[in-house]
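Notes for the one structure printed next.
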């Protein structure tokens, strides 16, 4: 996992790597990329060590654009499905209100853990690709859309033993 921080150096960040965001967040405007970073600080798609998550969050809070390859890839996939950073946040907020044991398809049942890293819930495009349409076009609340998607996905997940 690599992380760079963009937006130009500040006096406090002289040793911090800086790279042009256009080189690493292609097709995503800087302000939107920063919003994606804020969401991924709260809901990382991969496990990261707490010290790195702290650095990423501090950079984002300062308005710097952290460039994390997996975040760029996840943002691209989510955007292709119709997600905005706000919709992505609403999806993960709605997942918090649904118990993981209620649905085999709940993504927390596939949470990624690694050593001393914070656990992460990956974004699964194949599971969530219809979610933005349900919320925007069909008038479902985020919670309703989440339950519909989880219910429809149940047959794809093996029963618990």
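Worth pointing out:
- Scanning segment 120-140 for residues that are touching a residue at least 12 places away in the same chain (Cβ under 8 Å) and farther than 19 Å from residue 75 by Cα turns up just one, 134.
- Summed over segment 119-141, the residues that are more than 19 Å from residue 53 (Cβ to Cβ), within 16 Å of the chain's Cα centre (by Cα) and surrounded by 14 or more Cβ atoms within 10 Å (Cβ to Cβ) give a count of 7.
- Every listed requirement among (1) in a loop (DSSP other than H, G, I, E, B); (2) touching a residue at least 12 places away in the same chain (Cβ under 8 Å); (3) over 18 Å from the mean Cα position of the chain (by Cα); (4) crowded, with 17+ Cβ neighbours inside 10 Å is met by residue 158 save one, (4).
- Taking segment 103-118 as the range and being surrounded by 13 or more Cβ atoms within 10 Å (Cβ to Cβ) and either without any contact (Cβ under 8 Å) to a residue 40 or more places away in the chain or under 17 Å from the mean Cα position of the chain (by Cα) (or both) as the test, the residues that pass are 106, 107, 108, 109, 110, 111, 112, 117, 118.
- Test: residue in segment 57-67 that is surrounded by fewer than 17 Cβ atoms within 10 Å (Cβ to Cβ) and more than 28 Å from residue 29 (Cβ to Cβ): no
- Elements of the type helices (runs of 4 or more DSSP H) sitting completely within segment 1-96 and holding at least 2 residues that are at pLDDT 85 or above, under 13 Å from the mean Cα position of the chain (by Cα) and closer than 28 Å to residue 142 by Cα: these cover 30-42, 69-80, 85-96.
- The one condition in (1) in a helix (DSSP H, G or I); (2) in contact (Cβ under 8 Å) with a residue 60 or more places away in the chain; (3) more than 17 Å from residue 45 (Cβ to Cβ) that residue 147 fails to fulfil: (2)
The values are calculated or read from the model by the stated rules, or taken from the named source; none is laboratory data. Source: prediction; values computed, not measured. Cβ sites come from the backbone with ideal geometry, for glycine too, and all protein chains shown count toward neighbours.
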